[in-house]
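I have placed the structure first, in the form of structure tokens, so that the comments after it can refer back to it.
The values are calculated or read from the model by the stated rules, or taken from the named source; none is laboratory data. Bear in mind the structure is a predicted one, so any value in this text is a computation, not a measurement. Virtual Cβ from ideal backbone geometry, glycine too; neighbours counted across all protein chains shown. Side chains included, ligands, DNA and RNA excluded: accessible areas come from the protein's heavy atoms. Shrake-Rupley method; radii C 1.70, N 1.55, O 1.52, S 1.80 Å.
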Amino acid sequence: MPTCLPLVLRRCHACASERFRANGKFRVNAHHKLIDAWLLALCTGCGATTKLTVLERANVRSVPPGLLDRLHANDPVLAAELLQDSVLRRRNRIALDWDGAWRLDTGGTDCPDREAIEVSVRFAARIPVRPVRLIAEGCGLSRAEVGRLIEEGNLVSAVRLSARLTGDFTFTLKR
């Protein structure tokens with residue numbers, strides 16, 4: 001589950017840093033019947049501001065009133081939703097850096113010492129993470145040991161465990 005907003009990967013025009021921190025603030029500007037809205041992000045190196053386009057020259061009547069209220073209220077949940085929107089990321093030519101912005105919640109239980117267990121992993125948000133890393137952290141194993149279990153056939157799943165995933169999956173661990 002996410003713990004904070006991810007860093008935005010984009011080159012800073014002032015200091016050549018490549019990381020911005022979105023703080024959930026929006027800027028909304030209206031031009032008669034047209035409206036623009038941006039999500040503001042600050043450079044981690046120099047503090048310069050960049051604007052990520054949310055709405056561009058949209059007719060005011062076409063914007064849902066609830067969305068407009070959330071923009072004006074600087075809703076941090078809206079900022080998180082927008083950062084995960086692939087259309088917004090493509091339009092603004094950005095990527096996200098999730099390092100340190102998520103945590104693993106195992107429900108307070110470690111991997112039991114049974115012969116075989118089946119585990120279902122649910123994502124609270126679409127965070128790209130390698131399943132090998134989640135399994136290692138959740139079961140208290142090293143990543144090398146998880147890799148060895150996969151090679152031996154003692155850790156199996158319908159998904160490729162070495163690739164990044166953003167959706168739910170299950171795996172079976174045999175001891």
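Name the residues in the range 33-44 that are open to solvent by 60 Å² or more (accessible area, probe 1.4 Å) and either modelled with pLDDT under 90 or assigned to a strand (DSSP E or B) (or both), would you?
Within the range 33-44, the first condition is being open to solvent by 60 Å² or more (accessible area, probe 1.4 Å), and the residues that meet it are 33-34, 42, 44.
The answer is Leu34, Leu42.
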Just one of (1) free of Cβ contacts under 8 Å to residues at least 60 places away in the same chain; (2) of a type in the set (Gly, Ala, Ser); (3) more than 27 Å from Cys12 (Cβ to Cβ) trips up Ser86, so point out which.
(3)
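With respect to Ala163, determine if the residue is outside any strand (DSSP E or B), small (Gly, Ala, Ser) and open to solvent by less than 20 Å² (accessible area, probe 1.4 Å).
Values: outside any strand (DSSP E or B): yes; small (Gly, Ala, Ser): yes; open to solvent by less than 20 Å² (accessible area, probe 1.4 Å): no.
When the stated conditions are applied, Ala163 does not pass them.
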Right, Ile117: assigned to a strand (DSSP E or B), surrounded by 14 or more Cβ atoms within 10 Å (Cβ to Cβ) and out of contact with any Pro (no Cβ under 9 Å at 6 or more places or on another chain) or not?
yes
Given the residues Ala30, Ala58, which is the only one that is open to solvent by 60 Å² or more (accessible area, probe 1.4 Å), in contact (Cβ under 8 Å) with a residue 12 or more places away in the chain, farther than 22 Å from Asp168 by Cα and not in a helix (DSSP H, G or I)?
Ala30
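Can you tell me how many residues in the range 1-20 are within 17 Å of Arg89 (Cα to Cα), modelled with pLDDT of 90 or more and open to solvent by 20 Å² or more (accessible area, probe 1.4 Å)? First the steps, then the outcome.
Step one: list which residues in the range 1-20 are within 17 Å of Arg89 (Cα to Cα), which gives 5-12, 18-20.
Imposing the further condition that a residue be modelled with pLDDT of 90 or more reduces the set to 7-12, 18-20.
Then keep just the ones that are open to solvent by 20 Å² or more (accessible area, probe 1.4 Å); that gives 7, 9-11, 18-19.
The qualifying residues number 6.
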Where the second residue is surrounded by 13 or more Cβ atoms within 10 Å (Cβ to Cβ) and the first is of a type in the set (D, E, K, R) and lies in the range 142-159, which pairs have Cβ atoms under 6 Å and are six or more apart or on separate chains?
Arg143/Val132; Arg143/Ala136
I'm told Val77 meets every condition in (1) under 30 Å from Cys43 (Cβ atoms); (2) without any contact (Cβ under 8 Å) to a residue 12 or more places away in the chain; (3) surrounded by 10 or more Cβ atoms within 10 Å (Cβ to Cβ) except one. Can you identify the failing condition by its number?
(3)
Just one of the numbered conditions (1) modelled with pLDDT under 95; (2) of a type outside the set (Phe, Trp, Tyr); (3) open to solvent by less than 60 Å² (accessible area, probe 1.4 Å) is not true of Asn23; which one?
(3)
From Leu96, Leu71, residue being under 30 Å from Phe26 (Cα atoms) and part of a strand (DSSP E or B):
Leu96
Of the residues in the range 128-160, those that are more than 18 Å from Asp99 (Cβ to Cβ), in contact with a strand residue (DSSP E or B) (Cβ under 9 Å, 6 or more places away or on another chain) and part of a loop (DSSP other than H, G, I, E, B) come to Gly153, Asn154, Ala158, Val159
Could you check the range 61-74 and list, in sequence order, the residues that are open to solvent by less than 70 Å² (accessible area, probe 1.4 Å) and under 23 Å from the mean Cα position of the chain (by Cα)?
Leu67, Leu71, Asn74
